[in-house]
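Encoded as structure tokens, the structure appears first; notes follow it.
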Amino acid sequence: MIKYVNSRKHKEKRMEERKNLAFLSNSGNYSIFQFQNDVIRFMTSPRLEKYQKVLEWDAGYLVVIAKYKDLAEIEEYIDLVPILEDLSYDVDSFLSHIKEVKIREATG
């Protein structure tokens, strides 16, 4: 019985963590930022092959490692705040729920 309770608590904790998890990926000429049901696409270089790693997430500001065609891995900075403002988001409210950002594999 104790194992079941611990397992259940572990699952609940993971579910709660997922509610605060966003994803960054790319497809073609677009970067894609997804949090829960919100999918935000913004233009990126056609030379971007993929995002490889999130180094930092700070309330709308991302530092990532990106791989571009014919270039070594580079550190890239993405500021989502102006993008969200242009889309008329309540920026502070939207970003306050995101605790972590992970890379999702590129889709082409």
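The values are calculated or read from the model by the stated rules, or taken from the named source; none is laboratory data. Note that this is a predicted model, so its numbers are computed, not measured. Here the Cβ is made from the backbone with ideal geometry for all residues, glycine too, and neighbour counts use every protein chain on show.
Of the residues making up segment 24-37, those that are surrounded by fewer than 17 Cβ atoms within 10 Å (Cβ to Cβ) and either touching a Leu at 6+ places or on another chain (Cβ under 7 Å) or under 15 Å from LYS102 (Cα atoms) (or both) number 2.
Close Cβ contacts (under 9 Å, 6 or more residues apart or on different chains) running from residues in segment 90-108 that are at negative phi to residues that are of a type in the set (Ser, Thr, Tyr) and modelled with pLDDT under 95 comprise ALA106/SER27; THR107/SER27. For segment 61-108, the set of residues classified as under 19 Å from LYS50 (Cβ atoms) and aromatic (Phe, Trp, Tyr) consists of TYR68, TYR77, listed by residue number. When we screen GLU49, GLU75, GLU85 for residues that are within 17 Å of SER25 (Cα to Cα), exposed (fewer than 13 other Cβ atoms within 10 Å of the Cβ) and either out of contact with any Ser or Thr (no Cβ under 6 Å at 6 or more places or on another chain) or modelled with pLDDT of 95 or more (or both), the only hit is GLU75.
Only one of the numbered conditions (1) closer than 17 Å to GLU76 by Cβ; (2) modelled with pLDDT of 95 or more is not met by LEU21, and that is (1).
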